[in-house]
Amino acid sequence: MRKKLELEERPICNAVTVYRERGNYLQRLEQFEKAILAYNEALRWNNSDIGSLLGRSLARAKATHYAGALEDAARAAQLEPENLTALQIKAKTEYEKCEFERALVLAYRGQRLRLLPPNFADCVRCAEETVRECVGETAEKTLSSRIKQLQIINMFDDTMANVTNIPKRKSRMLPQTTRQIQEISRVEKQKAEHISRVMASKYLEQMAHDKYFLTTLCKDERLYSANKLGSQKLQLLANKALADVEKRQAVLRERRPLYAARAIEAAARARLSRARKQRIGHAQQQHATDARRLVSAARDIYEKHDTTKCLEAAEFGMEQISRIPSNMLPDKDVFLQQLHEIVAEAFLDQKRVRDEMSEADREKRAFILLGIPISREPSRDSILRTRPPAPPRDAKRRLRRLERALTVSVRASERCYALHELGRLLVDTKQAHRARFYALKCQSEARSAGQRVWLLNATFLLARCHILQNNRPETRAALIEGAGFARSFGYKDVAAFFDTCVDVSLEGEIGSSDSILEKREKAMVSLMQDDDMRMAAEHLFRRMSVIPASRRFSVMPGARAESAPSAAGRRVSIMPRTQQPVRIAHKARHPLGFQDFDN
């Protein structure tokens, strides 16, 4: 029988170096099992290679094979006693093996021998902190409550020991032996699962998902298939992988207990809380600076007596400040109240007249602010240059915004501002009835809250509403009331302007057109209760229309119908007659004691 030819295995060139470098490369890729195989192949050709021994020791330590890692490090130290890298790997392996005291001793020994790399300072620091945590210095706060409870328990035991023993009566019946089955409730089971997941996420981090998957896989019924050997193999692999993950979690937990991890998390939360408070403080300072800048800008414009720009700046400031949350601007109400006061003073500043202003200029200003059109020459008066502005394009949107602000307002100044702006906007849009309603509400709110400036503004706004309705007696009464308020509050210049408005309130006339008269007549007819009264009212209005305009009363309150133009003065143009502006007629000055009995 021929003998099988066997070829002699010869080492390839630099085989040890090739396999050692392959192991180093696989270790950098964190493929520790393959790296161990490469180091084994290198040591098969040369079992005294220091680099291969140290590399395999480090790979085994990272793969949690601590016994083999310590053996390789000890063998490398035996072959080369002056190699401090072996001592460092041994110290780190002892630390990961939870032999903290021995790791600390080895790290101190290496630190005394050499200060250059490898550096033993990190290993010394980690081992010392872990030993301190295990002996209880870090756990002092956590275990302080437990110590008090133990003292109370010891006191209770001492008290019970001093009590005399009382003989217990023994029953003659035999005790029934029952098997006690300790069952865990659903709540306790959920609590245990929650604690397990918390521990896994705290120590394993990203590998916690692997543990969840393996735990579910081991309990999965689909793992037990018809193929018995395959099922056993899969079950063995799943259990082994789960055991490795749980072992890694146990090692990490021994290295850093839960109370130490929670203490670190508490410190991190405290740092985040301080950073958040600091960030919020900076944001609050910035918002306060912006609010002060807006208020100062509105006040500067007010001091220049530019009412239109002052109102625009104040409204812009209110809009910007209202958008800021209250926690980011603690003094939000103060800034808004300052802007409301600036707006109130700006409206009142329109009614202040200088002593050197002539009577004609005062009357012109009164006509402009009351909304009575006049024919005038260009004036240098700032109030006359800035006539009451036309209603804005988004009047409906602004009305909705002001109504929404009125519903959520709680302060008196804010409510007065919203009511005054609603009335003013409705006057500009020729809605006299609603404007009068808001003006009266603003007047009552200002009177009850003691807002003197807003009370004067609301009174003048109410007079303007009466002018728009062509109700001159009510206008005169409101202006006289406002003059009385101004004198009682100490505003003499405002009271003088109110007196001027009282004088000119009856001079301007606003003629009512035929369409408005017809609309009012139809409204009055619709209020009649039965058909007989309705027919009588229609007959009455028809009879009134026959009478000349100069000899009949108008159905509009306070309106005076213009007399029909004569045939000689009739115009040839077919264009409708435009309303003639009011001509200011200066009153004749009579001596004292003069009486005119014709008027």
In segment 300-312, residue farthest from the chain's Cα centre (by Cα) [restricted to those that are surrounded by fewer than 15 Cβ atoms within 10 Å (Cβ to Cβ) and part of a helix (DSSP H, G or I)]: GLU303
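Of all residues in segment 353-381 being open to solvent by 60 Å² or more (accessible area, probe 1.4 Å) and closer than 29 Å to CYS442 by Cβ, which is modelled with the highest pLDDT? Quick ask: steps written out before the conclusion?
Applying the first criterion (open to solvent by 60 Å² or more (accessible area, probe 1.4 Å)) to segment 353-381 yields 354-356, 359, 373, 375-378, 380.
Then keep just the ones that are closer than 29 Å to CYS442 by Cβ; that gives 354, 373.
Details: ARG354: 76, PRO373: 73.
Looking at residues that are open to solvent by 60 Å² or more (accessible area, probe 1.4 Å) and closer than 29 Å to CYS442 by Cβ, I get ARG354.
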Single condition ASN327 does not satisfy, out of (1) open to solvent by 20 Å² or more (accessible area, probe 1.4 Å); (2) part of a helix (DSSP H, G or I): (2)
query: Across segment 405-427, which residue is nearest to ASP333 (Cα to Cα) among those that are out of contact with any His (no Cβ under 7 Å at 6 or more places or on another chain) and of a type in the set (Ser, Thr, Tyr)?
result: SER409
field: Within segment 464-478, tally of residues that are among the hydrophobic types (A, V, I, L, M, F, W, C) and either modelled with pLDDT of 90 or more or touching a His at 6+ places or on another chain (Cβ under 9 Å) (or both)
entry: 3
task: For segment 63-85, enumerate the residues that are of a type in the set (A, V, I, L, M) and more than 23 Å from GLN31 (Cβ to Cβ).
output: ALA74, ALA77, LEU79, LEU84
message: Can you tell me how many residues within segment 41-70 are part of a helix (DSSP H, G or I) and more than 24 Å from ALA91 (Cβ to Cβ)?
response: 4
message: Being among the aliphatic types (A, V, I, L, M) and open to solvent by 50 Å² or more (accessible area, probe 1.4 Å) is the filter here; which residues of segment 50-90 pass it?
response: LEU58, ALA67, LEU79
- prompt: Restricting the first residue to segment 295-306 and requiring it to be of a type in the set (Phe, Trp, Tyr), which pairs with a second residue that is part of a helix (DSSP H, G or I) meet a Cβ separation below 6 Å and a spacing of at least six or different chains?
  reply: TYR302/CYS310; TYR302/ILE342; TYR302/ALA346
Selection within segment 214-264 - touching a residue at least 24 places away in the same chain (Cβ under 8 Å), touching a Phe, Trp or Tyr at 6+ places or on another chain (Cβ under 6 Å) and of a type in the set (Ser, Thr, Tyr): none
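So, in segment 201-244, how many residues would count as being acidic (Asp, Glu) and more than 45 Å from the chain's Cα centre (by Cα)? I'd like the intermediate steps shown before the answer.
Taking segment 201-244 as the starting set, the residues that turn out to be acidic (Asp, Glu) are 205, 210, 220-221, 244.
Retained after the next criterion (residues that are more than 45 Å from the chain's Cα centre (by Cα)): 220-221, 244.
So the answer is 3.
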message: List the residue pairs whose Cβ atoms are under 8 Å apart, where the first residue sits in segment 94-109 and is farther than 10 Å from VAL124 by Cα and part of a loop (DSSP other than H, G, I, E, B), the second is at pLDDT below 80 and open to solvent by 50 Å² or more (accessible area, probe 1.4 Å), and the two are 6 or more positions apart or on different chains.
response: CYS98/GLU254; CYS98/ARG255
- prompt: Given (1) within 16 Å of ARG352 (Cα to Cα); (2) at pLDDT below 90, where does LEU455 come up short, assuming only one miss?
  reply: (2)
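Give the residues of segment 428-451 that are at negative phi, assigned to a loop (DSSP other than H, G, I, E, B) and touching a residue at least 24 places away in the same chain (Cβ under 8 Å), sorted by residue number. Spell out how you get there, then give the answer.
Initially, segment 428-451 is screened for residues at negative phi, giving 428-429, 431-449, 451.
Narrowing the set further to residues that are assigned to a loop (DSSP other than H, G, I, E, B) leaves 429, 431, 451.
Passing the criteria: THR429, GLN451.
What's the total number of residues in segment 331-352 that are open to solvent by less than 20 Å² (accessible area, probe 1.4 Å) and either part of a helix (DSSP H, G or I) or closer than 13 Å to GLU315 by Cβ (or both)?
Summing the residues that are open to solvent by less than 20 Å² (accessible area, probe 1.4 Å) and either part of a helix (DSSP H, G or I) or closer than 13 Å to GLU315 by Cβ (or both) in segment 331-352 gives 10.
Table: residues versus (1) open to solvent by less than 40 Å² (accessible area, probe 1.4 Å); (2) under 22 Å from ARG197 (Cβ atoms).
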| position | (1), (2) |
| --- | --- |
| TYR224 | no, no |
| GLY230 | yes, no |
| LEU237 | no, no |
| LYS240 | no, yes |
| ARG276 | no, no |
| HIS287 | no, no |
| ALA291 | yes, no |
| ALA298 | yes, no |
field: Evaluation of ALA15 against (1) under 28 Å from THR130 (Cβ atoms); (2) among the aliphatic types (A, V, I, L, M); (3) modelled with pLDDT under 90 (one fails), failing number
entry: (1)
task: Name, by its number, the condition in (1) touching a helix residue (DSSP H, G or I) at 6+ places or on another chain (Cβ under 9 Å); (2) within 25 Å of HIS65 (Cα to Cα) that does not hold for LEU223.
output: (2)
- line: Within segment 446-479, residues touching a helix residue (DSSP H, G or I) at 6+ places or on another chain (Cβ under 7 Å) and among the basic types (Lys, Arg) come out as ARG447, ARG452, ARG464, ARG476
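The values are calculated or read from the model by the stated rules, or taken from the named source; none is laboratory data. In this text the structure is predicted, and so the values were computed from the model without any measurement. FYI the Cβ positions are ideal-geometry reconstructions off the backbone, even for glycines, and counts take in every protein chain you see. We work out accessible area using only protein heavy atoms, side chains counted, and drop any ligands, DNA or RNA first. Shrake-Rupley method; radii C 1.70, N 1.55, O 1.52, S 1.80 Å.
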